[in-house]
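Visitor: Below is the structure I would like to discuss, written out as structure tokens.
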Amino acid sequence: MSTKFIAYTAAAAVVGSIAFAGTASAREIKIVGSSTVFPYTQAVAEEFAKKGGTAPTVESTGTGGGMKIFCQGIGEEHPDITGASRAMKKSEWELCSSNGVTDVTEVLLGYDGLSVANSRKGKKINVTKPQLYLALAAKVPVDGKLVANPNKKWSDIDPSLPDIPIIAYGPPPTSGTRDAFVELVFHHVCKKGELPFWKAKAEEMKDDKKGFKKLYKAECTAMRTDGPFIEAGENDNLIVQRLDADANAVGIFGYSFLFENQDKLQALSIAGVDPSMETIASGDYAISRPLFIYVKNPHRKVIKGMEDFIKEYVSDGAMGEGGYLSERGLVVLDADALKKSQEAALKGAPMTAPGS
């Protein structure tokens with residue numbers, strides 16, 4: 001790309017931002033992003049409407065999909081807020097920056113456990129992270145080599161596990177839940193050497209940490225595509241319905257969906273620990289991640305009701321201890337972290353580039 005074109009694009013973005021900032025807009029607030037954050041944002045939207053505001057349009061696009069849409073530019077045609085079940089990536093920040101979306105506030109909402117669950121009609125299962133990796137990764141170690149995953153039943157991994165087919169419904173690659181699962185399960189197992197093959201590789205490459213990281217990210221990221229893992233889109237409610245219909249199947253989604261469907265579903269224990277508000281907050285439950293919203297600050301004064309909506313979202317009554325978001329499964333921040341997050345949101349504190 002030429003230097004002239006880059007300069008023109010940046011200048012056009014600035015001009016567009018200035019023009020937009022001076023134009024009042026009567027359209028409703030537009031929000032995209034994570035399917036995990038979606039029910040929390042929807043709850044805030046409903047409360048906001050009850051108090052006299054215009055209910056925002058909230059679309060569940062997945063974290064990655066939401067970032068792509070959010071980062072397309074400043075102006076009435078672009079969304080104002082995106083939800084994310086992981087922090088913004090460097091590549092996403094660069095996309096935002098290239099399109100003039102440079103004044104953004106990152107708001108930490110709280111924490112969520114990645115639940116692996118099955119129907120209450122099925123057997124309660126206790127698994128470890130290595131066992132989940134051996135069930136769902138595209139390639140796994142067999143006789144000292146990485147090969148296409150041969151495991152068809154849980155009992156193929158360990159005789160103590162149920163003698164039933166591995167059937168797992170989960171999110172697509174655009175989902176932050178998928179990203180988090182891969183990082184917290186697959187990458188953890190490989191980089192920590194929790195299986196003999198990966199332990200030997202870590203030792204063999206101890207003087208080449210960059211090379212080892214490149215290796216496990218290349219070989220420990222893909223979900224299997226031969227049948228046992230089934231992409232269920234960004235609709236976590238669809239996964240819940242499928243689990244209710246098949247007692248042998250398991251699903252991967254945020255804790256809030258398990259929390260809301262406890263009458264139908266039960267969590268798989270991870271190394272003997274079930275997800276709960278207490279175990280996620282304490283860190284005892286090993287598969288947990290932070291949740292965020294990202295706000296375009298140039299839109300705050302232009303989009304009707306946006307400032308008031310943000311105030312409602314970060315209020316004590318919403319994301320504080322005992323707030324209505326905790327009633328829907330959000331694991332709330334401690335008092336200091338909550339205050340810091342609220343102040344950042346209300347002041348429109350600009351975020352810095354990821355990794356800086």
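The values are calculated or read from the model by the stated rules, or taken from the named source; none is laboratory data. Values in this document were obtained by computation on a predicted structure and should not be read as measured data. With ideal geometry, Cβ positions are generated from the backbone for all residues, glycine too; neighbour counts draw on all protein chains shown.
Visitor: Condition check: surrounded by fewer than 23 Cβ atoms within 10 Å (Cβ to Cβ), more than 22 Å from Asp236 (Cα to Cα) and in the same structural domain as Tyr294 (by TED's automatic domain parsing). Does Gly75 satisfy that?
Guide: Here the answer is yes, as Gly75 does meet what is asked.
Visitor: Please verify whether segment 282-292 includes one or more residues that are outside the structural domain of Phe70 (by TED's automatic domain parsing), surrounded by fewer than 16 Cβ atoms within 10 Å (Cβ to Cβ) and more than 19 Å from Phe70 (Cα to Cα).
Guide: There is at least one residue in segment 282-292 that is outside the structural domain of Phe70 (by TED's automatic domain parsing), surrounded by fewer than 16 Cβ atoms within 10 Å (Cβ to Cβ) and more than 19 Å from Phe70 (Cα to Cα).
Visitor: Look at segment 183-242 and say how many of its residues are touching a His at 6+ places or on another chain (Cβ under 9 Å) and either outside the structural domain of Ile270 (by TED's automatic domain parsing) or of a type in the set (Phe, Trp, Tyr) (or both).
Guide: Going through segment 183-242 one residue at a time, the tally reaches 1.
Visitor: Kindly check whether there is at least one residue in segment 319-330 that is within 30 Å of Lys123 (Cβ to Cβ) and surrounded by 20 or more Cβ atoms within 10 Å (Cβ to Cβ).
Guide: Yes, the conditions are met somewhere in segment 319-330.
Visitor: Every residue in segment 304-327 that is under 19 Å from Asp80 (Cα atoms), touching a residue at least 24 places away in the same chain (Cβ under 8 Å) and part of a helix (DSSP H, G or I), please.
Guide: Of everything in segment 304-327, those that are under 19 Å from Asp80 (Cα atoms), touching a residue at least 24 places away in the same chain (Cβ under 8 Å) and part of a helix (DSSP H, G or I) turn out to be Met306, Asp308, Phe309, Ile310, Lys311, Glu312, Tyr313.
Visitor: Have a look at Met67, Met88 and point out the one that is touching a Phe, Trp or Tyr at 6+ places or on another chain (Cβ under 9 Å), part of a helix (DSSP H, G or I) and either modelled with pLDDT of 95 or more or farther than 30 Å from Gly227 by Cα (or both).
Guide: Met67
Visitor: So, in segment 190-214, exactly how many residues are outside any loop (DSSP other than H, G, I, E, B) and surrounded by fewer than 16 Cβ atoms within 10 Å (Cβ to Cβ)?
Guide: 10
Visitor: Taking segment 142-169, which residues are touching a residue at least 12 places away in the same chain (Cβ under 8 Å), charged (D, E, K, R) and within 25 Å of Arg242 (Cα to Cα)?
Guide: Selection gives Lys152, Lys153.
Visitor: Could you check segment 320-356 and list, in sequence order, the residues that are in contact with a strand residue (DSSP E or B) (Cβ under 9 Å, 6 or more places away or on another chain), over 29 Å from Glu77 (Cβ atoms) and not small (Gly, Ala, Ser)?
Guide: Leu325, Leu330, Val331, Val332, Leu333, Leu338, Lys340, Gln342
Visitor: Restricting the search to segment 215-241, which residues are modelled with pLDDT of 95 or more and either surrounded by fewer than 15 Cβ atoms within 10 Å (Cβ to Cβ) or assigned to a loop (DSSP other than H, G, I, E, B) (or both)?
Guide: Ala218, Cys220, Thr221, Ala222, Arg224, Thr225, Asp226, Gly227, Pro228
Visitor: Could you go through segment 256-263 and let me know if any residue there is surrounded by 21 or more Cβ atoms within 10 Å (Cβ to Cβ), under 20 Å from Lys129 (Cα atoms) and touching an Asp or Glu at 6+ places or on another chain (Cβ under 7 Å).
Guide: For segment 256-263, residues surrounded by 21 or more Cβ atoms within 10 Å (Cβ to Cβ), under 20 Å from Lys129 (Cα atoms) and touching an Asp or Glu at 6+ places or on another chain (Cβ under 7 Å): absent.
Visitor: Also: Is it the case that Arg120 is among the charged types (D, E, K, R) and more than 30 Å from Ala318 (Cβ to Cβ)?
Guide: In short, yes.
Visitor: May I ask you to verify whether Ala337 is in a helix (DSSP H, G or I), touching a residue at least 24 places away in the same chain (Cβ under 8 Å) and surrounded by fewer than 20 Cβ atoms within 10 Å (Cβ to Cβ)?
Guide: yes
Visitor: Hey, can you tell me all the residues within segment 340-355 that are of a type outside the set (Ser, Thr, Tyr) and assigned to a helix (DSSP H, G or I)?
Guide: Once the filter is applied, which keeps residues that are of a type outside the set (Ser, Thr, Tyr) and assigned to a helix (DSSP H, G or I), segment 340-355 yields Lys340, Gln342, Glu343, Ala344, Ala345, Leu346, Lys347.
Visitor: Looking at segment 264-278, can you tell me whether even one residue there is more than 17 Å from Ala117 (Cβ to Cβ) and assigned by TED's automatic domain parsing to the domain that holds Val127?
Guide: yes
Visitor: Cβ-Cβ distance below 8 Å, separation of 6 or more or different chains: which pairs start in segment 192-207 with a residue that is more than 16 Å from Pro141 (Cα to Cα) and end on one that is of a type in the set (A, V, I, L, M, F, W, C)?
Guide: Pairs found: Met205/Phe212; Met205/Leu215; Lys206/Phe212.
Visitor: With (1) surrounded by fewer than 21 Cβ atoms within 10 Å (Cβ to Cβ); (2) in a strand (DSSP E or B); (3) β-branched (Val, Ile, Thr) as the list, and Thr279 as the residue in question, which single condition is left unmet?
Guide: Single failed check for Thr279: (2).
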